[in-house]
Amino acid sequence: MSKGKQAEDGNGSEKMVVSSYDEAMEALSSLITKRSRADKSNKGDGFDLLFDYIKILELEDPIKQMKIIHVAGTKGKGSTCTFTESILRNCGFRTGLFTSPHLIDVRERFRLEGSDISEEKFLAYFWWCWDRLKERTSDEVPMPTYFRFLALLAFKIFAAEQVDVAILEVGLGGKFDATNVVENPVVCGIASLGYDHMEILGNTLGQIAGEKAGIFKRGVPAFTVPQPEEAMNVLAQKASQLDVNLEIAAPLDPILMSGLHLGLEGEHQYMNAGLAIALCSTWLQRTGHVGINYLNQTTSLPDEFIKGLATASLQGRAQIVPDQFIESESPGDLVFYLDGAHSPESMDVCANWFSLATKEDSPYNQFSDSKGLQKAGQNGPFRKNATQMQILLFNCMSVRDPQLLLPRLVNACASHGVHFKKALFVPNTSVYYKVGTGASPAADAQIDLSWQMTLQRLWESLILGEKGRDAKNAELTCEVVSDDTDKGAHSSENSTVFTSLPLAINWLRDSVRKNQSVRFQVLVTGSLHLVGDVLRLIKK
């Protein structure tokens, strides 16, 4: 019997037979046929094929009937979508949220009423879509690629669950993204634009803005945030061509929060919150829900909006988590500061957040419950007089230019007086061709560390003040540390390359045990995949 087929139980009624979660992950992994995003060799990538898939899955009418909020952008779009969902859920609506990527479990991409979809529901909808596509695809219309299948699955889930509002985060770009099959959204949003995915979207802000503006639909209102002039000019031009009323949403004034803090940390989140407020206000207005006083947002915010903004949560963005497996005297001996920043602009934001969050007098440094930390005095003493040591744990995809990322991070932290004692470079535990909660390379796989060594050379040149020199030519004397705790590590005074993330985590734990008077504050950044891998190892 095919997985996900209907079968009769003993009483003659139909029930859905589903497979184990691992089988679903194996099937999903088979759709990852490309080794990099810039690889255009897969013939399942033609944008028009999406409409064939939608017909196969009988989703044409359900998608037309959905009341959708569609959000693109280089940075901040995930946060904007999270705020938007939380606001409308607190207004009493049944929400569906589709975001990417996931950090630990693929079900994180599909949120119903603020929670990840249950495993049971996920498997039922997964196999329904999988079997139908397997039966009806062909050489001309092959199985969809990985992200496209996930987007189609999101539409199926939201249609079947009859959500009041579907909030869709664009995966990549806009114009040719799988989410852009939506032809009549209620409102669109463009978060901050910057340089990212340039191998696909273009080398200028104008080209990138043009791709993002591809989600604009004729006559559908749209909002954006203050943008660089080159980007704003393109957005305005595209909006004008489609008779789109494009407005710039003002950042949220913290005074309007009535003393509460945003659920997502960082000064930049007030801009994302302002965009979310504009999207929610317009959605309420255009769908006829005028019971909530949302229009007078310059002087006050409805309680539902404030609660939504204050309780929003998103893993891997300005997230503070203590190592929950280490045995130490104080809960603050090893704390991870996780942020999936991976563009030059987001490196600045990440560095500013980390620098402020690690200061002795920072409210984030007092172990707030909302961030999963223990407060001082609970479960052990909190040693305020301990020395603080900042460590960087970093990796980024090889399509990104680390010379645009690491210098920004170092300089922004230095401007706050924060200097990393050591940088640790690791390959990601997750492998991009396999999906699952523990997907990792085979134990005997030969690990290529050439990229991590490149990152290390750049780091050493930065620390040594050799910024005018080509990092590729920077000389680096590495010793291969051979003792048991550092086996497989390529170490120098300022940095270490580990052959695996678990080795790096173990080194940190050992360092804490050997240095009882030091609190280790570890910034994890450069890749959301790395952030997810770390969370998997340090959270219970």
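Only one of the numbered conditions (1) touching a Leu at 6+ places or on another chain (Cβ under 9 Å); (2) within 30 Å of residue 305 (Cβ to Cβ) is violated by residue 107, and that is (1). The residue that is surrounded by the most Cβ atoms within 10 Å (Cβ to Cβ), counting only those in region 354-370 that are in a helix (DSSP H, G or I) and either at pLDDT 95 or above or of a type in the set (Gly, Ala, Ser) (or both), is 354.
Which is modelled with pLDDT of 75 or more, assigned by the TED database to the domain that holds residue 494 and either closer than 21 Å to residue 539 by Cα or in a helix (DSSP H, G or I) (or both), of 349, 399?
The conditions single out 349.
Here residue 111 clears all of (1) surrounded by fewer than 16 Cβ atoms within 10 Å (Cβ to Cβ); (2) basic (Lys, Arg); (3) within 30 Å of residue 303 (Cα to Cα) except the condition numbered (1). Does region 258-275 include one or more residues that are out of contact with any Gly (no Cβ under 7 Å at 6 or more places or on another chain), over 30 Å from residue 532 (Cβ atoms) and in the same structural domain as residue 100 (by the TED database)? Yes, some residue in region 258-275 is out of contact with any Gly (no Cβ under 7 Å at 6 or more places or on another chain), over 30 Å from residue 532 (Cβ atoms) and in the same structural domain as residue 100 (by the TED database). Region 81-191 holds strands (runs of 3 or more DSSP E) entirely within its bounds, and those carrying 3 or more residues that are touching a helix residue (DSSP H, G or I) at 6+ places or on another chain (Cβ under 7 Å) and within 25 Å of residue 276 (Cα to Cα) map to 95-98, 165-169, 187-190. The one condition from (1) more than 20 Å from residue 50 (Cβ to Cβ); (2) in contact (Cβ under 8 Å) with a residue 40 or more places away in the chain; (3) among the charged types (D, E, K, R) that residue 229 does not meet is (2). Considering only residues that are in a loop (DSSP other than H, G, I, E, B), among the hydrophobic types (A, V, I, L, M, F, W, C) and farther than 25 Å from residue 337 by Cα, which ones fall in region 256-293? Within region 256-293, 290, 292 meet the criteria. When 126, 122 are checked against the criterion of being in contact (Cβ under 8 Å) with a residue 40 or more places away in the chain, surrounded by 23 or more Cβ atoms within 10 Å (Cβ to Cβ) and over 25 Å from residue 220 (Cβ atoms), 126 stands alone in meeting it.
Filtering region 303-322 to residues that are open to solvent by less than 10 Å² (accessible area, probe 1.4 Å) and assigned to a loop (DSSP other than H, G, I, E, B) leaves 312, 316, 318. What's the total number of residues in region 244-276 that are in contact with a Pro (Cβ under 8 Å, 6 or more places away or on another chain) and hydroxyl-bearing (Ser, Thr, Tyr)? Within region 244-276, residues that are in contact with a Pro (Cβ under 8 Å, 6 or more places away or on another chain) and hydroxyl-bearing (Ser, Thr, Tyr) number 1.
Does region 213-232 contain at least one residue that is under 19 Å from residue 96 (Cβ atoms) and either under 23 Å from the mean Cα position of the chain (by Cα) or among the basic types (Lys, Arg) (or both)? Yes, region 213-232 contains at least one residue that is under 19 Å from residue 96 (Cβ atoms) and either under 23 Å from the mean Cα position of the chain (by Cα) or among the basic types (Lys, Arg) (or both).
Let's see how each residue does on (1) small (Gly, Ala, Ser); (2) within 22 Å of residue 399 (Cα to Cα); (3) surrounded by 24 or more Cβ atoms within 10 Å (Cβ to Cβ):
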{"site": "167", "(1), (2), (3)": "no, no, yes"}
{"site": "173", "(1), (2), (3)": "yes, yes, no"}
{"site": "177", "(1), (2), (3)": "no, yes, yes"}
{"site": "209", "(1), (2), (3)": "yes, yes, yes"}
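Examine region 330-342 for a residue that is open to solvent by 10 Å² or more (accessible area, probe 1.4 Å) and not in a loop (DSSP other than H, G, I, E, B), and state whether such a residue exists. No.
The values are calculated or read from the model by the stated rules, or taken from the named source; none is laboratory data. What you see is a predicted model; the values in this text were computed from it and never measured. A quick note on method: Cβ atoms are made from the backbone with ideal geometry, for glycine too, and the neighbour counts reach across all protein chains shown. What goes into the accessible areas is simple: the full protein's heavy atoms, side chains included, and nothing from ligands, DNA or RNA. Shrake-Rupley method; radii C 1.70, N 1.55, O 1.52, S 1.80 Å.
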